[in-house]
1. Suppose we keep only residues that are open to solvent by less than 20 Å² (accessible area, probe 1.4 Å) and more than 7 Å from every other protein chain (Cβ to nearest Cβ) within the stretch B:68-92. Which one would you say is farthest from DNA strand D (Cβ to nearest atom)?
2. Restricting attention to the stretch A:27-43, which residues are assigned to a strand (DSSP E or B) and either facing chain B (nearest Cβ under 8 Å) or open to solvent by less than 10 Å² (accessible area, probe 1.4 Å) (or both)?
3. Could you please find all residues in the stretch A:44-53 being among the charged types (D, E, K, R) and within 14 Å of chain B (Cβ to nearest Cβ)?
4. Do we have residue B:64 as crowded, with 18+ Cβ neighbours inside 10 Å and of a type outside the set (S, T, N, Q) here?
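The values are calculated or read from the model by the stated rules, or taken from the named source; none is laboratory data. The structure displayed is predicted, hence computed values, not measured ones. All Cβ positions, even for glycine, are placed from backbone atoms using ideal geometry, and neighbour counts span all protein chains on display. For the accessible areas, the whole protein counts, side chains as well, though only heavy atoms, and no ligand, DNA or RNA atoms are used. Shrake-Rupley method; radii C 1.70, N 1.55, O 1.52, S 1.80 Å.
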2 protein chains.
Amino acid sequence: MSTGNVAAIARVKNAAPLFAALGDETRLQLIGRLSATGPLSITQLTGKARVSRQAITKHLEVLGEVGLVKSSRRGRERIWELEPKRLDDARAYLDRVSKEWDDALGRLQAFVED
Amino acid sequence: MSTGNVAAIARVKNAAPLFAALGDETRLQLIGRLSATGPLSITQLTGKARVSRQAITKHLEVLGEVGLVKSSRRGRERIWELEPKRLDDARAYLDRVSKEWDDALGRLQAFVED
DNA sequence: CTAAAGTGCAACCAGGAGGTTGCACATGAC
DNA sequence: GTCATGTGCAACCTCCTGGTTGCACTTTAG
């Protein structure tokens, strides 16, 4: 690891909760919905889901805690929208791991051919 | 969504368990370790971890179920190694979502400027 | 003002996730 | 053959997660 262990560990600690938040079908659907439609209220997001409003609220809060979405008040409604920067983090992490992965396979290949 | 809802839903259903498997610090460390060192046995992987061998075994099986790693026998040892293709799936999914995300922001921007 | 809409809060519940321990079983080393 | 090594299996435990329901509270609509 060219960046050293400290950076590597820090990356892992940030990435795990992020992936955990993405690791739920309902939450991925919420993300898909928000990206397709733009900012929506809780009630609107609950509409096509097959779970209760409270369940949706909890999912949104989980996504919010890792910074994937954020909310704001509009009258009596609470509007949720996507937070682009955070998704890039996840992508960057996967790109990085993917590269290390390829490197490892390259080394293995070289070793086998020895 | 240009690919239609069926494809979109299928993608979500595949992606969620994959991200869930990645959403654990110990498992990310196992992946990092395997990518840095190459194939390793359970005992070797347990070495630097701070949980028991059985815990490590369970984590490896979780990773194996979503196809991120695979195992083979070598004498009395069980060797685990990375499975590159699956990581690309995750990356491809994030790239896709990230693109939709950008599109959504683009549309929103256009709307606001109206 | 009154009613309905949209949320927030809290209690509660079942099931799964992550962890441990103990013991049996295979296999390599000597 | 014997002993140490490396795993597999199973039981068990605790805590978190995803889900529900009931009720109170704030706003908007009429």
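1. Applying the first criterion (open to solvent by less than 20 Å² (accessible area, probe 1.4 Å)) to the stretch B:68-92 yields B:68-69, B:79-80, B:82, B:87, B:90.
From what is left, the residues that are more than 7 Å from every other protein chain (Cβ to nearest Cβ) are B:68-69, B:79-80.
On the way: B:68: 17, B:69: 13, B:79: 7, B:80: 8 Å.
Checking each candidate, the answer is B:68.
2. Applying the first criterion (assigned to a strand (DSSP E or B)) to the stretch A:27-43 yields A:40-41.
Matches in the stretch A:27-43: A:41 only.
3. If the condition is that a residue be among the charged types (D, E, K, R) and within 14 Å of chain B (Cβ to nearest Cβ), then A:48, A:50 are the ones that fit.
4. no
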